[in-house]
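Colleague: Could you have a look at this structure, given as structure tokens, before my questions?
The values are calculated or read from the model by the stated rules, or taken from the named source; none is laboratory data. Values in this document were obtained by computation on a predicted structure and should not be read as measured data. Every residue, glycine as well, gets a Cβ built from its backbone with ideal geometry; the counts of neighbours run over all protein chains shown.
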Amino acid sequence: MSKIGRKPINIDGVAIQIDGQAVHFKGPKSVGVYTLPQPLKAAVKEKQLLITVDQEVSDKATRMVADINCLWGLHHALLQNKVLGACKEFEKKVKIVGLGCKAEFVNKTAIKQLPNKKYVIDRDKKTVGIVLAGEKKSFDSVDKGLLFILGKSHFFYFVLPQGITVEIDKTGQNLIVKSIDPVLLGLCVSKIKQLRKPEPYKGTGIREENEIVRRKAGKTKAG
């Protein structure tokens, strides 16, 4: 029996409707449907969503049971992320370390005024929109983009995928990235970190909060 798959999923604040293998969910943040593979079944009991395996399948050979347990735990985790994201957004905190390094909201027209335009990075041209910067403390990627100043001779313009929301503090060095999809959130944060990876001597670069960066000692003057 799968240790992960047998755990109940809390569905407070989320409406669940089961139609065969399809699990329909509706919450304040998102609405969708998740389809379970044939051996798995879903049921609602006392404000909890339970995922079980067909008894006939679980009684087969040990090797088959092991494969079903892996499938059971995987789809339990994926469905749980969908349900949690429908109720509350997932978030990751990103920190920019370095003197003068920061991020700010910009619009597409501001890129034309930047020096060294050939170095500007536009990640997803399909989601670019034009809205004046500085209007809000948070934004959706369809409306604006992010301009990263990272101590290099050029700037980085980063367009986030649809469904990602960002908040930036006054210093421009602390970002909170939010999304209802944890997979999309992690992928987006990893691409942002690739713009400037933390270097081991001064520690400057982009990192996640509580991320440990291994430091190296610099050269010292001979006595």
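Residues checked against (1) loosely packed, with under 14 Cβ neighbours inside 10 Å; (2) modelled with pLDDT of 90 or more:
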residue: 3; (1), (2): yes, no
residue: 33; (1), (2): yes, yes
residue: 64; (1), (2): yes, no
residue: 69; (1), (2): no, no
residue: 99; (1), (2): yes, yes
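Colleague: Shifting gears a bit: Does residue 204 qualify as being of a type in the set (Ser, Thr, Tyr), in contact (Cβ under 8 Å) with a residue 60 or more places away in the chain and surrounded by fewer than 16 Cβ atoms within 10 Å (Cβ to Cβ)?
Modeller: Details: of a type in the set (Ser, Thr, Tyr): yes; in contact (Cβ under 8 Å) with a residue 60 or more places away in the chain: yes; surrounded by fewer than 16 Cβ atoms within 10 Å (Cβ to Cβ): no.
Criteria not met by residue 204.
Colleague: Among the residues of region 171-186, is any farther than 30 Å from residue 77 by Cβ and surrounded by 11 or more Cβ atoms within 10 Å (Cβ to Cβ)? Before the answer, list the steps.
Modeller: Let us first name the residues in region 171-186 that are farther than 30 Å from residue 77 by Cβ, namely 171-173.
Filter once more, keeping what is surrounded by 11 or more Cβ atoms within 10 Å (Cβ to Cβ): 172-173.
So far as region 171-186 goes, yes, one or more of its residues are farther than 30 Å from residue 77 by Cβ and surrounded by 11 or more Cβ atoms within 10 Å (Cβ to Cβ).
Colleague: For region 27-48, which residues satisfy the criterion of being among the small types (Gly, Ala, Ser) and within 16 Å of residue 86 (Cβ to Cβ)? If you could, list the steps in order and put the result at the bottom.
Modeller: Residues of region 27-48 that are among the small types (Gly, Ala, Ser), as a first pass: 27, 30, 32, 42-43.
Within region 27-48, 27, 30, 32, 42 qualify.
Colleague: Are any of the residues in region 142-154 at pLDDT 85 or above, of a type in the set (Gly, Ala, Ser) and either in a loop (DSSP other than H, G, I, E, B) or touching a Gly at 6+ places or on another chain (Cβ under 8 Å) (or both)?
Modeller: Yes, some residue in region 142-154 is at pLDDT 85 or above, of a type in the set (Gly, Ala, Ser) and either in a loop (DSSP other than H, G, I, E, B) or touching a Gly at 6+ places or on another chain (Cβ under 8 Å) (or both).
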